[in-house]
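Since the structure comes first, as structure tokens, the remarks are kept for the end.
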Amino acid sequence: MSDSAPRIGVVSFPGSNDDRDAAWALRALGAEPVPVWHADPALPELAAVVLPGGFSYGDYLRCGAIARFSPIMRAVGSFAEAGGLVLGICNGFQILTEAGLLPGVLRPNASLSFVCRDVRVRIERNDLPFTTRAAVGDELTIPVKHGEGCWFADDALLAELDGNHQIVLRYAAGENPNGAVADVAGVCNEAGNVLGLMPHPEHAVDPLLGSADGAVLLSSLVDAARLSAASLV
Amino acid sequence: MLVRPKHGILDPQGEAVESSLRQLGFAVAEARVGRLVDVEIDGDDPSAVREQLERMCEQLLANPLIESYEIELPAG
């Protein structure tokens, strides 16, 4: 691994099941994935953190509601507050909303069915560390696989997020797989250093997997992580 | 503590239950599904206990964006 491979943490919670795929994808895209355990009280030196998909704590109570009490989440919160890059995928997105690091909440799919298929998502802004390799309006094909991905915000919150340009990804017309309000597939915090999304970019980094569009997002993150790691030296 | 989806919030579980009840022949207008959390907690002062239960709901048991809650203390 070259010196320029930025260290990106991948947190494993009890019930995470995409942590290895996330690590594999990050390595394939030039990062050095660093396994992080949910019970660790602190993060090692990292340029970014990924909260992967899965079913942390069996999705008890509400998805992500228990995982946010994991010791590592306090460290992730401080990391995010200090401007650190945090990406939450699927269950990771759910955890970030429950932890109050991202707005809204993920609810059971309107269909009540688990959905597992490719969806097209539209890039709404490309000035974020997660989207620099995309253009606004680009449509990426990335798989979703979730039972509770119906993002919800009330009208007031949605208007606020629209005003702040915090809606980063929307399902393309006719593609909304879960009933999410305003077709929202991914949102960021106000500062733009924390992003959560329901689609799984780590499952779409090689044409053999059906699409390599996920690499657009993850490579953007790796680029940004490399820059932020360089600035720390 | 009784936690349930706020009115106006899509409740797919409630809709599924509602349609099943109709299939059984019950003329229900609407069903909503929430959750009941029983806790045992020691305390002599009901208002202090209630205040603790409220904080439990606010901080963990209910998500205020989508859920409302009610608290019931045993009589006596």
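Values quoted throughout were computed directly from the atomic coordinates according to the rules given, and no laboratory measurement underlies them. This structure is a prediction, so every number in the text was calculated from the model and none was measured. Neighbour counts are summed over all protein chains in view; Cβ atoms, including those assigned to glycine, are modelled from backbone coordinates with ideal geometry.
Looking only at the range B:8-32, which residues are part of a loop (DSSP other than H, G, I, E, B) and more than 17 Å from residue A:106 (Cα to Cα)? B:24, B:25, B:26, B:27, B:28, B:29, B:30, B:31, B:32, listed by residue number.
In the range A:113-140, the residues that are among the small types (Gly, Ala, Ser) form Cβ pairs under 7 Å with partners that are in a loop (DSSP other than H, G, I, E, B), at six or more places apart or across chains, as follows: A:134/A:126; A:135/A:126. Whenever a residue of the range A:56-85 is of a type in the set (D, E, K, R), its partners that are assigned to a loop (DSSP other than H, G, I, E, B), lying with C-beta atoms within less than 7 angstrom and at least six residues away or across chains, give the pairs A:62/B:63; A:68/A:99.
Within the range A:43-50, can one find any residue that is within 14 Å of chain B (Cβ to nearest Cβ), surrounded by 21 or more Cβ atoms within 10 Å (Cβ to Cβ) and within 29 Å of residue A:162 (Cβ to Cβ)? No, there is no match, as no residue in the range A:43-50 is within 14 Å of chain B (Cβ to nearest Cβ), surrounded by 21 or more Cβ atoms within 10 Å (Cβ to Cβ) and within 29 Å of residue A:162 (Cβ to Cβ).
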